[in-house]
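The values are calculated or read from the model by the stated rules, or taken from the named source; none is laboratory data. Computed from a predicted model, the values in this text were never measured in an experiment. Positions of Cβ are generated from backbone atoms using ideal geometry, with glycine treated the same way; all protein chains shown enter the neighbour counts.
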Amino acid sequence: HFSLYEQSMEKIPITLNSYGVEDAWGVTKNDTGDADTGANSLQNYPVITKITKSAAGYTITGTLKSLPNTKITLEFFSSSNLAPSGYGEGEAVVTARNYTTDASGNASFTFALTTLTGKYLTATATNTVTGDTSEFAKSVAIP
């Protein structure tokens with residue numbers, strides 16, 4: 001059983017290809033149009049823009065830029081620790097939601113949860129046709 005939670009601070013040495021632009025932690029940055037090639041087609045990760053807490057629970061909002069008119073499953077994860085890169089750690093599965101990008105490849109999401117545990121929230125995006133899955137999104141603190 002392999003866990004993506006609390007892995008060492010060392011990067012796992014995986015070379016995707018020369019098209020992806022990686023930061024010092026090995027996170028491949030999102031690109032416009034998402035039409036590149038490589039491992040998992042370098043699927044862009046979602047961007048969680050806001051988490052709002054209210055008496056009723058939590059509201060999560062964000063965006064995804066991917067291929068046009070594409071069915072995508074966004075999976076959300078919480079964790080008690082922030083990864084050194086600021087991206088990811090999938091300690092606990094929170095929810096999965098299905099979206100379809102528009103003709104420009106954009107999708108927005110807003111949804112509510114009555115409960116949310118952990119200190120940070122992250123997400124991945126999976127193209128439901130090809131199975132290509134993104135890296136973890138930048139983690140956002142849970143209020």
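Any idea how many residues of region 87-110 are without any contact (Cβ under 8 Å) to a residue 24 or more places away in the chain and either loosely packed, with under 12 Cβ neighbours inside 10 Å or of a type in the set (A, V, I, L, M) (or both)?
2
Given the structure, is Leu82 of a type in the set (A, V, I, L, M), surrounded by 14 or more Cβ atoms within 10 Å (Cβ to Cβ) and modelled with pLDDT under 95? Judged against the criteria, Leu82 is a match.
What about Thr70, is it at pLDDT 80 or above, buried (at least 18 other Cβ atoms within 10 Å of the Cβ) and either over 16 Å from Ser139 (Cβ atoms) or in contact with a Cys (Cβ under 9 Å, 6 or more places away or on another chain) (or both)?
Against the criterion (at pLDDT 80 or above, buried (at least 18 other Cβ atoms within 10 Å of the Cβ) and either over 16 Å from Ser139 (Cβ atoms) or in contact with a Cys (Cβ under 9 Å, 6 or more places away or on another chain) (or both)), Thr70 qualifies.
Out of everything in region 72-94 that is of a type in the set (Asp, Glu) and not in a strand (DSSP E or B), what residue ends up being nearest to the chain's Cα centre (by Cα)? For region 72-94, the residue satisfying everything is Glu89.
I'd like to know if region 105-125 contains one or more residues that are closer than 18 Å to Asp36 by Cα and not in a strand (DSSP E or B).
Among the residues of region 105-125, at least one is closer than 18 Å to Asp36 by Cα and not in a strand (DSSP E or B), which makes the answer yes.
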